[in-house]
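One structure is given below, encoded as structure tokens.
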Amino acid sequence: MAKLTVNFKFKEINSYLFDDKVVHIGRGDTNDIQIDSLAVAPAHAAIVIRDQIATVKQLNDNFPLIVNGQVTKEWKLENDDTITLGKHDLVYQETPGPPGSAETETILPQQEKVTSSSFKGSYDEQQAPHASLQVLEGPNIGKVVALKKAMTRLGNENSGIVIISRRKDGYFMSALKNNGNITVNKIPINENYVKLNKNDILSINNVSLQFFLD
């Protein structure tokens, strides 16, 4: 699985997880990774991810593709390679992930506020039964969030970010960015994949949510 992190002037502004697919990068709003900058072409580059091999390709001759400071048309990416897009950098990292995962639905608890927005994606009907999370505290107490996508992202840059993957054999949680405040049943998850069981309590920066099967 590929982790792609967007930095602006050396400050991280967003991160993404992708399994096998073609990831489109550019200024246009149809891209998988949109970078709103005139230094970036509407369709700037594409990263082809197949069988844990990622290759980035230039899509517009008027906008150079720069990887690790070198201008190129095509580049096989290695861990921590940096793609420069104007004043933005896109860092590629290899990260362990479950087989069959898809694009994500994003849920962002910010302190005690919970909002959500969806990315393009689908899930396999043969995967595990539907599950949900229920907020246990704060102004959103009682709110139920359905885990409908094959992957669900929770958290934010300050509190830490986790991914919940829906597979045939259940739901698994792992840390995409861990600031030390992520636990399941009060046990830090560190770098592990944790299989979620009915009534487990997830905590992200002291915001608690309960996992249950529909």
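Between Gln210 and Asp61, the simple label model (points 7 Å from Cα in the Cβ direction) yields a spacing of 6.3 nm.
Which entries in Lys11/Lys73; Lys11/Lys177; Lys143/Lys186; Lys168/Lys198; Lys76/Lys195 show an alpha-carbon gap greater than 23 Å? Can you show the working numbers first?
Numbers: Lys11/Lys73 26 Å; Lys11/Lys177 14 Å; Lys143/Lys186 21 Å; Lys168/Lys198 16 Å; Lys76/Lys195 33 Å.
Result: Lys11/Lys73; Lys76/Lys195 exceed 23 Å.
Distance between the modelled labels on Asp81 and Asn199, one decimal in nanometres: 4.9 nm (7 Å Cα→Cβ projection).
Computed from the coordinates by the stated procedures, all read-outs in this text should not be read as laboratory data. This is a predicted model, so every value here is computed, not measured. Please note: Cβ atoms are built from the backbone with ideal geometry, for glycine as well, and neighbour counts cover all protein chains shown.
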